[in-house]
């Protein structure tokens, strides 16, 4: 019985904190500071530069196919993507420490249509100071980081939509 309790606690901790990664010290931007610009290609080869989305509120989610908490939140992200809270909302997901083939296969299998960008050198993850996956950042219309969420979330929940709407309301 004690063994089952320890296993259950470990699973809860994993889902609450996300999947860690090996790597250097955390850093990255602070809330209220400019979000680091990046230029990455999606699975079809189309380039995406954060600065091209100026004037829009952008949700940036770092994830991996091997990460159970990441997989748990992707369905809610797809629902948010297909029914955004505002026409000025955009979502970019960044696949880290994973192969594009794995990302493409999961997207095809699950029907995910949100942009999946590749960070093959890990430079964007380093610029944001990610310490694991999933990690999500909400960037306002002016390119300022307004929210950071470590770990999985239900991105289609009223609370998450309210969070995004609050950033959309900032001018």
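Placing a label point 7 Å from the Cα of residue 49 along the Cα-to-Cβ direction, the residues of region 127-171 whose backbone N falls under 16 Å from that point are 143. When peptides 52-65, 149-162 are sorted by average Cβ neighbour count within 10 Å, with the highest value leading, the order is 52-65, 149-162.
Net length available on complete extension from residue 71 to residue 159 is 29.7 nm, with 0.36 nm assigned per residue and the Cα-Cα distance removed. In the frame of its principal axes, region 2-168 has Cα extents of 53, 35, 33 Å, reported largest first.
The distance between label points at residue 88 and residue 56 comes to 1.3 nm (points 7 Å beyond Cα on the Cα→Cβ vector).
FYI, it's all coordinate maths here, none of it is from the lab. This structure is a prediction, so every number in the text was calculated from the model and none was measured. Ideal geometry is used to build each Cβ from the backbone, glycine not excepted, and the neighbour counts take in all protein chains shown.
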